[in-house]
Amino acid sequence: MASQNWRSAIGGAVLLSTPVQAILRSYGLSLDKVGSYTVTYFKNKSRTVRVKLPFNPAVEQRMGIKGWHYRVLRSSNFKKMLVLVPDGVITAVHEFIYYTETENDIELHFGNGYQRKVDILVGADGNRSKVSQQAFGDPHLFHTGIRLWLAWCDYIPDIPPNYGVVSHDYQHQTSFFPMLHVGKSRFEWWVVEPSWEGKPVPEDPKAYLMEILEDWAQPMPRSLVATNFDRQIYCWEIYN
């Protein structure tokens with residue numbers, strides 16, 4: 001019997017701000033194991049502090065949530081959210097093709113031949129949304145001139161708890177934040193660099209990023225060493 005080597009999409013990380021957490025909590029999602037608050041600093045590549053973002057005590061008291069944002073991989077949070085979704089709300093393996101408006105409803109047409117009449121259609125199917133393209137025409141997407149390397153790694157010792165940094169030099173942004181993933185303490189990190197449409201992707205991303213960060217203050221170089229580059233990073237060209 002042949003075995004299958006299953007891989008899951010990294011899904012990227014998401015920042016759960018206080019209002020978002022309050023909404024998720026109102027849906028019934030427990031915030032106990034979502035993550036932890038983070039004290040965020042803006043620094044240069046040599047770790048000189050530019051700004052420390054303060055918390056708002058009044059908001060913390062009113063909402064009952066420490067800090068103002070928590071980081072988590074989308075896959076971890078979506079798994080918890082899907083448990084709360086009633087049966088029949090999500091139907092998989094249906095590629096939307098087009099819609100037809102009538103006097104009383106909207107008829108949806110899918111690639112497998114399925115049709116469905118609805119009262120409201122929300123075009124939340126991505127930045128290349130077929131719904132919005134039909135409604136408004138060509139979205140005129142263009143490359144914004146930046147590329148993002150987004151990754152996560154296992155816990156790194158000796159880093160202060162609840163500590164996150166956004167740092168810059170003249171052409172790169174690098175950042176790391178603590179987060180929870182599958183119930184364990186991890187770190188999310190990223191590197192933003194100049195890019196353009198069709199810019200080649202380096203054959204050895206780890207060596208390429210290590211060169212960018214070779215004189216960057218810790219823990220950025222350590223984050224790369226702690227990352228599995230086969231499973232825990234992806235390269236993302238940013239469009240408008």
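The values are calculated or read from the model by the stated rules, or taken from the named source; none is laboratory data. What you are looking at is a predicted structure, and each value in this text was computed from that prediction instead of being measured. Using ideal geometry, Cβ is built from the backbone for each residue, glycine included, and neighbour counts are taken over all protein chains shown.
For region 88-109, name all the residues that are part of a loop (DSSP other than H, G, I, E, B) and under 26 Å from the mean Cα position of the chain (by Cα). Outline the logic, then answer.
Filtering region 88-109 down to residues part of a loop (DSSP other than H, G, I, E, B) leaves 88-95, 102-105.
Residues satisfying the conditions are V89, I90, T91, A92, V93, H94, E95.
Listed by first and then second residue, the pairs with beta-carbon distance under 7 Å, at least 6 apart or on different chains, first residue in region 83-94 and surrounded by 10 or more Cβ atoms within 10 Å (Cβ to Cβ), second among the hydroxyl-bearing types (S, T, Y) and at pLDDT 90 or above, are L84/Y27; H94/Y114. Looking across region 115-124, the residues that are in contact (Cβ under 8 Å) with a residue 12 or more places away in the chain and part of a loop (DSSP other than H, G, I, E, B) come down to D119, I120, L121, G123. The number of residues in region 61-74 being assigned to a helix (DSSP H, G or I) and either touching a residue at least 12 places away in the same chain (Cβ under 8 Å) or in contact with a Cys (Cβ under 7 Å, 6 or more places away or on another chain) (or both) comes to 2. So, in region 26-38, of the ones that are closer than 14 Å to R71 by Cα and out of contact with any Gly (no Cβ under 7 Å at 6 or more places or on another chain), which residue ends up surrounded by the most Cβ atoms within 10 Å (Cβ to Cβ)? Step by step, filter region 26-38, then rank; the result is G35.
Considering each residue of region 186-205, count those that are part of a strand (DSSP E or B) and in contact with a Lys or Arg (Cβ under 6 Å, 6 or more places away or on another chain), and give that number. Can you show your working first?
Applying the first criterion (part of a strand (DSSP E or B)) to region 186-205 yields 186-194.
Next, from what is left, pick out any that are in contact with a Lys or Arg (Cβ under 6 Å, 6 or more places away or on another chain): 188, 193.
Residues flagged as part of a strand (DSSP E or B) and in contact with a Lys or Arg (Cβ under 6 Å, 6 or more places away or on another chain) within region 186-205 amount to 2.
Scanning region 170-185 for residues that are touching a helix residue (DSSP H, G or I) at 6+ places or on another chain (Cβ under 9 Å) and assigned to a loop (DSSP other than H, G, I, E, B), we see that the one that is surrounded by the most Cβ atoms within 10 Å (Cβ to Cβ) is H172. Scoring V225 on the criteria (1) touching a residue at least 24 places away in the same chain (Cβ under 8 Å); (2) touching a helix residue (DSSP H, G or I) at 6+ places or on another chain (Cβ under 9 Å); (3) loosely packed, with under 15 Cβ neighbours inside 10 Å leaves a single failure, condition (1).
Evaluation of S132 against the conditions (1) exposed (fewer than 15 other Cβ atoms within 10 Å of the Cβ); (2) over 21 Å from the mean Cα position of the chain (by Cα); (3) free of Cβ contacts under 8 Å to residues at least 24 places away in the same chain shows that the sole unmet condition is (1). Does region 101-109 contain at least one residue that is touching a Phe, Trp or Tyr at 6+ places or on another chain (Cβ under 6 Å), more than 30 Å from F177 (Cβ to Cβ) and of a type in the set (A, V, I, L, M, F, W, C)? Yes - at least one qualifying residue is present in region 101-109. The lone criterion from (1) without any contact (Cβ under 8 Å) to a residue 12 or more places away in the chain; (2) over 25 Å from Y170 (Cα atoms) left unmet by R50 is number (2).
Restricting N127, N112, N77 to residues that are in a loop (DSSP other than H, G, I, E, B) and touching a residue at least 40 places away in the same chain (Cβ under 8 Å) narrows the list to N127. Exactly one residue out of I106, I97, I156 is surrounded by 11 or more Cβ atoms within 10 Å (Cβ to Cβ), in the same structural domain as S185 (by TED's automatic domain parsing) and not aromatic (F, W, Y): that is I156. Residue check, Y114 against (1) of a type in the set (S, T, Y); (2) under 30 Å from D230 (Cα atoms); (3) modelled with pLDDT of 95 or more, all met but one. Which one? Unmet for Y114, out of (1) of a type in the set (S, T, Y); (2) under 30 Å from D230 (Cα atoms); (3) modelled with pLDDT of 95 or more: (2).
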